[in-house]
Amino acid sequence: MDRTLPQPTPETQHFWDGCAAGELRLQRCVDCREAYFPPRPLCPKCGSRAVEVFPASGKASLYSYVINHRPRPDMGTAPHSIAVVALEEGPRMMTNIVDCPQTPEALQLDMPLKVTFQNFGAITLPFFKPAEA
Amino acid sequence: MKPGSIAVVGAAETTKLGKIPDMSVIGLHADAALNAMADAGLKPSDIDGVATAGASPVETAHYLGITPTWVDGTSVGGCSFMLHVRHAAAAINEGLCKTVLITHGESGRSRVGAGGFGRSPSSLMGQFEMPYGVTSPPTMFTVPVLRYLKARGYTEEDLAMVSVIQREWAAKNPRASFKDPITVDDVLNSPMIAWPFRMLMCCLVTDGGGALILTSRERAKDFPKKPVYIIGTGESVETPMVSQMVDFTTSKAFRVSGKKAFDEAGITPKDVDHLMIYDAFAHLPLYGLEDLGFCAPGEAGAFIRERNTAPGGKLPLNTNGGGLSYMHSGMYGMYALQESVRQMRGIAPAQAQGAKIAVSHGVGGMFAASGTIIFTNQD
């Protein structure tokens, strides 16, 4: 079964283009400097429309997660993580932690992570893996 | 709202609860509505305001033969009915209508005439959460919890204890789906759904419905049942994506909604005799006790473990057995309100003796929305 994939909108296209180019792109406000996610054409802190796209470092830490023991059909059959990571720039995003055992022992809160990308045809998804891996 | 200006004069659930394969969603709305009208001694032509979630108020009004002068289709998840009560109070006080019917019906288990659960792949949730394998509430509502447990020093046993004590309440309720006693070990040994959540930490999936009828204080005295007055209301929303909660250890929507309701009623948690906190999962009562001010952050686990919310405790909580053991159709907020009304009428199966003030606190989506209603039986 094909993986469930996002359908970009004009407001989010830069993010998905970035993933395809191997770059995690965030936005920040030109006026108040707030970095934010998910993408939108206005600053969620001050409402300014003066916002810019910038490449994030790709560094993050594990903020919280579950290990789904009843995976969706497109996710395979093995239990897998559904995680939220805290990006170095501040915003948090949902992702899967990959390249590591999907166990509570291997997935320690606050462990350092780095972004990695996987292509699924029209879309490239950002995942995170242990920083030392 | 003006505290005490509005009263509940009719309240009922569907005739059956649990597994109802012979009724569709709209049929469940109607069954609950007719039961509530019978409770209030009213017929559809007496109703001039309709609010509902899930179904459209157009569907409900037309199905029941009601010609409303006010409708509310606010649909923000399971707490929508708390918001309907709040909006109805404002509408009645403004003179937009006199007698409001709020209905809920959901074929959660049997899926007769029910819609699907899903988001457009172009929505923010569709783009930034769905690709990672979230399925439904058990893999979304649960995502903040490991962070919460770590920040508060709570354990899996603290989560399990919530389920254990609510089962004690359910044992007293003949209409509860699950009544057999369970232990912390039973909960921790039940099938893993999404670490750290086991099956017995997750709500039921059942069929059912409920309805409320509200009117002004002045008119309420002419109804067959003793009025239950509404003295405080609150509502708020935070985010459609659980991953974007500002803080995984506290719900902003809970705090804003709760504070608004308590301020309006002019009461503090110490004044509350009976409490309902929407428990789609075992962590919700812990967040609710903290965010409503019943416990300091980090103290809710011990508060429950020390049996303060259990039968015989000082703060009876989720006395119908809750979404974990009583029933959960999908939008459980209506059943929390129904239990608060039963407690204020003095007719609950597990009645809190002498209770004068009851709080019903709901959640919508995965910490997306919240609504809080405070009731009293005192004139």
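The values are calculated or read from the model by the stated rules, or taken from the named source; none is laboratory data. Nothing here was measured: the structure is a model prediction, and the numbers come from that model. Cβ: placed from backbone, ideal geometry, glycine included. Neighbour counts: every protein chain shown. What goes into the accessible areas is simple: the full protein's heavy atoms, side chains included, and nothing from ligands, DNA or RNA. Shrake-Rupley method; radii C 1.70, N 1.55, O 1.52, S 1.80 Å.
Please compute the alpha carbon radius of gyration of the stretch B:278-326, then divide it by the globular-protein estimate 2.2 N^0.38 Å. Two decimals is fine. Dividing the Cα Rg of the stretch B:278-326 by 2.2 N^0.38 Å gives 1.05. Each listed q (0.08, 0.09, 0.10, 0.13 Å⁻¹) maps to a log10 I(q)/I(0) for chain B from the Debye sum over equal C-alpha point scatterers, namely -0.35, -0.45, -0.56, -0.99.
Here the stretch A:13-130 yields Rg over Rh of 1.01, to two decimals, using C-alpha coordinates and the Kirkwood radius. Farthest toward the positive end of the dipole of chain B, out of B:T183, B:M241, B:I193, is the Cα of B:T183, where the dipole comes from beta carbon charges about the Cα centre.
According to the calculation over all Cα-Cα pairs in the stretch B:330-379, the P(r) per 5 Å bin from zero is 5, 21, 29, 19, 14, 8, 4, 0 %. Accessible-area loss of 20 Å² or more (1.4 Å probe, protein heavy atoms, chain alone versus all protein chains) is found in the stretch A:46-80 for A:Y63, A:S64, A:Y65, A:V66, A:I67, A:N68, A:H69, A:R70, A:R72.
Accessible surface of the stretch A:13-130, 1.4 Å probe: 50 percent of it comes from carbon and sulfur atoms.
Spacing of the modelled spin labels on B:S120 and A:F54, each 7 Å from Cα toward Cβ, amounts to 3.2 nm. Shielding value for A:101-114 is 1, the average number of Cβ atoms from other chains within 10 Å of each residue's Cβ.
Among the lysines, which have Cα under 19 Å from the Cα of B:K314 when same-chain residues fewer than 8 positions away are ignored? Leaving aside lysines fewer than 8 places away in the same chain, those within reach of B:K314 are B:K172, B:K270, B:K356. For the protein assembly as shown, the pair-distance distribution built from all alpha carbon pairs, in bins 10 Å wide starting at 0, is 4, 19, 29, 24, 16, 7, 1, 0 percent.
Taken residue by residue and averaged, Cβ atoms of other chains lying within 10 Å of the Cβ of B:120-128 number 6.
I need the fraction of alpha carbon pairs in the stretch B:207-256 separated by more than 13 Å, rounded to a whole percent.
Counting pairs separated by more than 13 Å, the tail of P(r) holds 71 percent.
Across peptide B:145-158, the average count of Cβ atoms from other chains found within 10 Å of a residue's Cβ is 2.
Size descriptors for the stretch B:70-119: radius of gyration and Dmax over Cα atoms are 13.7, 40 Å. With 40 Å² as the minimum drop in accessible area between chain alone and full protein complex (1.4 Å probe), the qualifying residues in the stretch B:233-248 are B:S243, B:Q244, B:F248. Computed over protein heavy atoms with a 1.4 Å probe, the accessible surface of chain B works out to 34 Å² per residue.
Please give me, ordered by residue number, the trypsin sites (Lys or Arg not before Pro) of the stretch A:20-53 that lie in loop per DSSP and have at most 16 other Cβ atoms within 10 Å.
Passing sites in the stretch A:20-53 are A:R33, A:K45, A:R49.
Counting heavy atoms of the protein chains only and a 1.4 Å probe, report the per residue accessible area for the stretch A:13-130 as a whole number of Å². Don't jump to the answer; show the numbers that get you there.
Working: 5030 Å² over 118 residues.
With the other protein chains kept in place, the stretch A:13-130 gives 43 Å² per residue.
Put a dot 7 Å past the Cα of A:R3, heading toward its Cβ, do the same for B:E218, and the two dots end up 6.4 nm apart.
For the chain pair A and B, buried accessible area totals roughly 3100 Å², probe 1.4 Å, rounded to the nearest 100.
Among B:273-284, B:300-311, sorting by the average number of other beta carbon atoms lying within 10 angstrom of each residue, highest first, gives B:273-284, B:300-311.
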